[in-house]
Amino acid sequence: MTEAQGLRLDSRARRLRKSEPIRRMFMETRLHADMLVSPVFVVDGRDKMEEIDGMPEVHRFSMDRLPPHLEKLVAAGVRGVLLFGVPGSKDERGTGAYDADGIIPRTLRSVRSTFPELVMMADVCLCEYTSHGHCGVLEGDTVDNDGTLPLLARAAVEYARAGADVVAPSAMMDGQVRAIRSGLQEAGLDDTVLMGYSAKHASAFYKPFRSAAGSAPAFGDRRSYQMQPGNRREAMREIQQDINEGADVVMVKPALAYLDVISEARRKVGVPLAAYNVSGEYAMVKAAALNGWLDEKSAVFEVLTGIRRAGADIIITYFAEQAALWLKEGW
Ligand code: PBG
């Protein structure tokens with residue numbers, strides 16, 4: 001019998017738990033601020049810093065108020081931001097998403113060169129820009145998959161041109177990665193990283209995000225394009241498909257109810273894996289912490305460590321700034 005299979009008579013697990021220095025030395029899973037990405041909501045207009053329902057301490061900033069916020073993230077040590085645009089007006093076809101002068105391209109042009117140390121990621125989807133709140137254009141009451149693809153590709157090209165290091169399609173349209181990859185190639189943007197929201201599930205945990213982005217669907221729901229929660233094998237197919245279509249990074253989203261999906265993806269694929277610790281997951285911990293029901297610092301440590309232990313290389317989280325500060329202190 002090998003050591004791994006049976007306990008030795010002299011085995012005492014507590015030896016490796018005896019003191020803080022020993023526990024630190026033998027910690028199997030470590031967090032680092034380099035792996036943290038903070039979502040950032042940019043709202044149209046001037047001089048705005050708005051609160052978000054369900055997300056205490058997270059704000060939407062207008063472009064002119066953004067630099068101080070990004071400076072704080074950099075000072076904390078956060079490595080990346082994932083930008084979401086909240087446009088002043090929306091229309092049926094989500095025009096603002098792929099307008100060269102839309103909120104995201106304008107934001108990127110204004111902050112890109114000032115923050116060379118930040119990896120700038122841009123979410124690519126129509127839902128924040130459509131009057132009906134769906135992630136693609138409509139044909140009757142259904143979301144038109146193939147009619148949406150060129151629009152997503154245009155959006156990604158505009159964001160990349162404006163300086164995005166990473167474009168991240170989250171619309172869950174079939175073929176979106178291929179459409180974006182070829183759009184980028186045609187535009188000569190071969191260096192742009194493509195991060196697919198590959199296994200994105202239709203989740204109750206997106207609710208606070210939808211109030212942040214004003215993107216709740218006006219009718220129906222997203223279950224005809226986002227995955228159902230129980231399908232892990234399908235998640236593997238989605239992930240493999242995104243890699244085949246040209247994704248450099250794949251994602252599992254949400255994170256906490258999907259740790260097994262993260263873990264299996266980690267074992268199955270060689271590309272970097274992102275996990276999105278989504279708005280509702282933030283809300284749960286934050287609400288409990290504000291009520292004194294949980295200790296926020298240790299709860300966040302445990303949540304992020306769990307996502308990391310499951311196999312995520314990078315974690316997109318609304319706790320990024322706070323977590324990076326705690327990491328500096330030695331958490
Ligand atoms: C869609 C998008 C969503 C999120 C990221 N991109 C919402 C949705 O699909 O309804 C959710 C993120 C979160 O809840 O934090 N473009």
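Which one of these does residue 123 not meet: (1) among the charged types (D, E, K, R); (2) assigned to a loop (DSSP other than H, G, I, E, B); (3) within 16 Å of the ligand (Cβ to nearest atom)?
(2)
Which one of the conditions (1) more than 19 Å from the chain's Cα centre (by Cα); (2) surrounded by fewer than 23 Cβ atoms within 10 Å (Cβ to Cβ) does residue 98 fail to meet, given that it meets all the rest?
All conditions are met except number (2).
Between a first residue in region 263-289 that is under 12 Å from residue 54 (Cα atoms) and a second residue that is of a type outside the set (A, V, I, L, M, F, W, C) and away from the ligand (no atom under 16 Å from the Cβ), which pairs have beta carbons less than 7 Å apart while being 6 or more apart in sequence or on different chains?
285/296
Please enumerate the residues belonging to region 170-194 that are closer than 19 Å to residue 312 by Cβ and within 12 Å of the ligand (Cβ to nearest atom).
The answer is 170, and nothing else.
It is to be established whether one or more residues within region 104-113 are more than 15 Å from the ligand (Cβ to nearest atom) and under 18 Å from residue 217 (Cα atoms).
No; the residues of region 104-113 include none that is more than 15 Å from the ligand (Cβ to nearest atom) and under 18 Å from residue 217 (Cα atoms).
Please go through (1) part of a helix (DSSP H, G or I); (2) more than 19 Å from the chain's Cα centre (by Cα); (3) away from the ligand (no atom under 16 Å from the Cβ) for residue 331 and return the number of the only condition it doesn't satisfy.
(1)
Can you tell me how many residues in region 220-255 are in a helix (DSSP H, G or I) and within 15 Å of the ligand (Cβ to nearest atom)?
1
So residue 258 fits all but one of (1) more than 15 Å from the ligand (Cβ to nearest atom); (2) closer than 23 Å to residue 203 by Cα; (3) surrounded by 16 or more Cβ atoms within 10 Å (Cβ to Cβ); what number is the exception?
Failed condition: (1).
FYI, it's all coordinate maths here, none of it is from the lab. Quantities reported herein were computed from a predicted structural model and do not represent experimental measurements. Glycine also receives a Cβ, built like all others from the backbone with ideal geometry; neighbour counts cover every protein chain displayed.
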